[in-house]
Structures are given as structure tokens and as C-alpha cells.
Amino acid sequence: MKLYHNPASPFVRKVRVVAAECGIADQLQLEEVVLTPVNTPDQLASDNPLGKIPALQLDNGQCLYDSRVICEYLDAEFQGDLYPIEGWQRWQVLRLQAMADGLCYAAVLVRYEGFVRPIDKQWSQWIEAQLAKCRRAIAQLEQDCAQYSDQINIGTLSIAIALGYLDFRNPDEAWRDYAPSLASWYAGFSQRASLQQTLPA
Ligand code: BEZ
């Protein structure tokens with residue numbers, strides 16, 4: 001399977017973490033792409049019209065996107081057992097995933113605003129609004145931490161990836177100062193092999 005990939009993308013990392021948790025990391029052939037919202041490589045655009053990563057080209061020629069679809073596909077095909085099948089726990093885990101992905105989206109928008117957009121068009125209010133989303137999400141994760149801190153599933157893995165991306169691109173955010181329980185959980189959970197093997201670069 002060919003994974004369109006960039007080592008900095010938290011959404012790509014999520015796919016790689018799920019592949020590692022499923023024990024099939026070595027089946028992913030990583031095809032590195034350099035892209036921004038205004039610059040899409042042709043091959044990627046032909047496989048994913050949205051021009052986004054991750055995109056996973058399967059051996060049957062089909063291409064899957066986005067990260068949520070790919071992760072659920074890998075889990076189902078390779079028995080990852082990362083998605084509770086039924087009951088309220090399923091919705092809690094999916095909500096955790098949504099929170100973590102939303103945190104990543106906001107942090108990626110901050111990155112694009114500061115790194116891709118021309119300086120004379122940058123909008124500090126935009127950056128502040130995205131960072132405010134990140135801070136509210138972290139405050140909520142801190143509040144709920146005891147409910148999920150003993151779980152290994154798509155929700156908790158997604159949170160670890162989001163926090164890792166924040167540390168990578170926004171090291172000054174100092175989220176640990178106002179989220180000590182989350183910080184303590186993350187210090188232990190982030191030692192999982194799947195997370196250590198996929199640290200952003
Ligand atoms: C980044 O450099 O932070 C990045 C790269 C690709 C996708 C998302 C983020």
C-alpha cells in the first residue's frame with residue numbers, strides 16, 4: 001500500500017500510528033510529498049482530487065482518504081480493535097477523536113497562516129482565534145482525562161498525536177501549565193512504540 005506522506009503532518013502520523021498498532025507498519029510504502037493548500041503535486045491530485053494527505057493507494061488501485069477513513073479501514077482489515085463497536089463508549093471515543101482532530105486542524109491553520117501566507121496578508125486575529133480553540137480543547141481534555149486515561153483506542157491515540165503536533169509546531173504554548181493531569185497521562189502514553197516510531201520531523 002502506498003501512503004502519500006509528509007513527516008510533519010499529524011493526520012499522516014495518525015495513519016502510521018494505527019498501522020503500527022495493527023502490526024502492519026511495514027506494509028506502508030511511504031511516498032513523501034511536499035504540499036501546501038495552494039500547491040498540490042500532480043500525482044497526488046490525480047489520486048485524491050482534494051489534493052490532501054494522507055491518501056492511501058491500495059494494492060487494488062483504489063485510493064482511500066481522509067485520515068479517518070484510512071484509519072478505520074486499517075483497523076477493520078487488520079483487526080486493530082481500536083474502535084469500540086457499540087454502546088455509549090463508541091460515541092465517547094469518536095468524540096475524543098473529533099476533539100483531537102479539531103485541535104490538529106486549528107494548529108495546522110496556525111502553521112499555514114504563519115508559514116505559507118504572505119506576511120502582508122497575515123491576520124493575527126485569525127491565529128489567536130485558532131489558538132483559542134486549541135486552548136479550549138485542552139481545557140476540556142484536562143477535565144475529562146480521568147474518563148479515558150486507562151484506554152488505548154482511536155480517541156486516546158488521536159489526542160496523543162494532537163498534543164505531539166502542538167509541541168512540535170507551537171512549543172511556546174505551555175499547555176502543561178494549565179493541564180497537569182493531561183500532561184501526566186501524555187508523558188506515559190506517548191512512550192507507546194507506535195507513537196515513538198512516528199515522532200514528527
Ligand atoms: C506541517 O508542516 O506542520 C504540516 C505539513 C503537512 C500537513 C500538515 C502540517
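Structural remarks
- Any pair with Cβ under 7 angstrom, 6 or more apart, that starts in region 115-144 at a residue that is among the small types (G, A, S) and ends at one that is surrounded by 14 or more Cβ atoms within 10 Å (Cβ to Cβ) and part of a helix (DSSP H, G or I): A137/M99; A137/G102; A137/L103
- Some residue of region 147-161 being without any contact (Cβ under 8 Å) to a residue 40 or more places away in the chain and surrounded by fewer than 14 Cβ atoms within 10 Å (Cβ to Cβ): yes
- Residues in region 177-197 that are within 15 Å of E142 (Cα to Cα) and crowded, with 16+ Cβ neighbours inside 10 Å were compared, and the one that is nearest to the ligand (Cβ to nearest atom) is Y186.
- Within region 103-128, the set of residues being over 17 Å from V38 (Cβ atoms) and near the ligand (Cβ under 9 Å from one of its atoms) comprises C104, A107.
- Region 80-106: number of residues that are buried (at least 17 other Cβ atoms within 10 Å of the Cβ) and at pLDDT below 95: 1
- Looking only at residues in region 47-87 that are in contact with a helix residue (DSSP H, G or I) (Cβ under 8 Å, 6 or more places away or on another chain) and aliphatic (A, V, I, L, M), the one that is nearest to I154 (Cα to Cα) is L82.
- Only one entry of L58, L44 meets the criterion of being away from the ligand (no atom under 16 Å from the Cβ) and in contact with a strand residue (DSSP E or B) (Cβ under 9 Å, 6 or more places away or on another chain), and that entry is L58.
- Residue check, D144 away from the ligand (no atom under 16 Å from the Cβ) and surrounded by 15 or more Cβ atoms within 10 Å (Cβ to Cβ): yes
The values are calculated or read from the model by the stated rules, or taken from the named source; none is laboratory data. This one's a predicted model, so the numbers in the text were calculated from it and none came from an experiment. Backbone-built Cβ (ideal geometry, glycine too); neighbour counts: all protein chains shown.
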